[in-house]
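Have a look at the structure below before the remarks.
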Amino acid sequence: MVKIAPSILSADFSKLGEEVLDVEKGGADYIHVDVMDGHFVPNITIGSLVVDAIRPVTKLPLDVHLMIENPDQYIPSFAKAGADIISVHVEATPHLHRSIQLIRELGVKPGVVINPATPVSTIQHVIEDVELVLLMTVNPGFGGQAFIPSVLPKITEVRSLVNQTGKTIDVEVDGGINPDTAKQVVEAGANVLVAGSAIYNSRNRQNAIDMIKGSL
Ligand code: DX5
Ligand code: ZN
C-alpha cells in the first residue's frame, strides 16, 4: 500500500546504474530523481541526460521532481528521456495548469509540488488534473535535512482533497523521511515516501527500506 521512492540524490554518482539496481532489488517502488537548477533552489544537480542514462537500467517508474525555474522549457526533454512522473513546483511556474497539461500531452503522469510554507489552497484548482501531489517536508535544495513537523496537518488536508475527487492520486512526501518520521506522515495521509539519506547512507539498502516499511 505505502510506496517507497529512494532519492538518487544521496547515491554514489560514480556508479549510478548499480545504485539504482540496488534499491530496486531492495524493494523500492519508484526511483525519485531530484533536478535542481541553482536558481529555484540553491543547488545544481542533474538534467535529462541522467534520466536517459538510468532509463534502461530499471523497470521502476522514474519519478522526476523538477526544482527548476521555467519548467515548461525542459519538460519535453525529461519526457523524451523516459520519465514516468514529472512534478512541477507551484512556486516555480506562473501558469501551473499549462505546465500540467504539457506533461500530460507528452504522455507522462503530472504531479504538483508545494514547499513547506505554501498553503494547500494553491493546488485546489488543479487537483483533478494531477496524478500525484508532493508535499515538501524540508525546504528543497539538499538531502539530509531535518523533517519539518508543521507540514503534518497539510498532508491531512491534501489527503482529504484527494479523497473528495474520488480518484487515485498519490500523496507523496519528500525530505527528512526515516523510520521515525515515516509513521507520522503515513498516519497523516501520505502513501508515497521519498527517502534519500535514510536509504543511500545505509550500507544495506534493502534493510533500510525494510526499516521504513517496518516502522509503519
Ligand atoms: C530535497 C530533495 C529530496 C532529498 C531528500 O530538495 O527534493 O528528494 O533528496 O533527501 P533526504 O531523504 O535525505 O531528506
Ligand atoms: Zn525530491
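Checked against the criterion of being β-branched (Val, Ile, Thr) and crowded, with 21+ Cβ neighbours inside 10 Å, the candidates Thr181, Thr168, Thr156 yield just one match: Thr181.
For Val171, state whether it is closer than 21 Å to Val64 by Cα, in contact with a strand residue (DSSP E or B) (Cβ under 7 Å, 6 or more places away or on another chain) and away from ligand 2 (no atom under 16 Å from the Cβ). In short, no. Looking only at residues that are part of a strand (DSSP E or B) and more than 15 Å from the chain's Cα centre (by Cα) in segment 30-47, which one is surrounded by the most Cβ atoms within 10 Å (Cβ to Cβ)? Ranking the candidates gives Asp37 first. Consider segment 78-92 and keep the residues that are surrounded by fewer than 21 Cβ atoms within 10 Å (Cβ to Cβ) and either free of Cβ contacts under 8 Å to residues at least 24 places away in the same chain or assigned to a loop (DSSP other than H, G, I, E, B) (or both). The one that is farthest from the chain's Cα centre (by Cα) is Gly82.
Checking each residue in segment 105-121 for being out of contact with any strand residue (DSSP E or B) (no Cβ under 6 Å at 6 or more places or on another chain) and surrounded by fewer than 21 Cβ atoms within 10 Å (Cβ to Cβ) picks out Glu105, Leu106, Gly107, Ala117, Thr118, Pro119, Val120, Ser121.
Inside segment 77-104, residues that are of a type in the set (Asp, Glu) and within 18 Å of Glu131 (Cα to Cα) make up a count of 1. Please identify the pairs in which a residue from segment 19-32 that is away from ligand 2 (no atom under 15 Å from the Cβ) and at pLDDT 95 or above has its Cβ atom under 7 Å from the Cβ atom of a residue that is part of a helix (DSSP H, G or I) and among the β-branched types (Val, Ile, Thr), counting only partners at least 6 apart or on another chain. Filtered contacts from segment 19-32: Glu19/Ile8; Val20/Ile8; Val20/Ile54; Val20/Val57; Leu21/Val57; Gly26/Ile209; Gly27/Ile209. Can Val50 be described as assigned to a helix (DSSP H, G or I), within 15 Å of ligand 2 (Cβ to nearest atom) and not hydroxyl-bearing (Ser, Thr, Tyr)? Yes; evaluated as a whole, the condition is true for this residue.
The values are calculated or read from the model by the stated rules, or taken from the named source; none is laboratory data. Being a predicted model, the structure only gives us computed values, none of them experimental. FYI the Cβ positions are ideal-geometry reconstructions off the backbone, even for glycines, and counts take in every protein chain you see.
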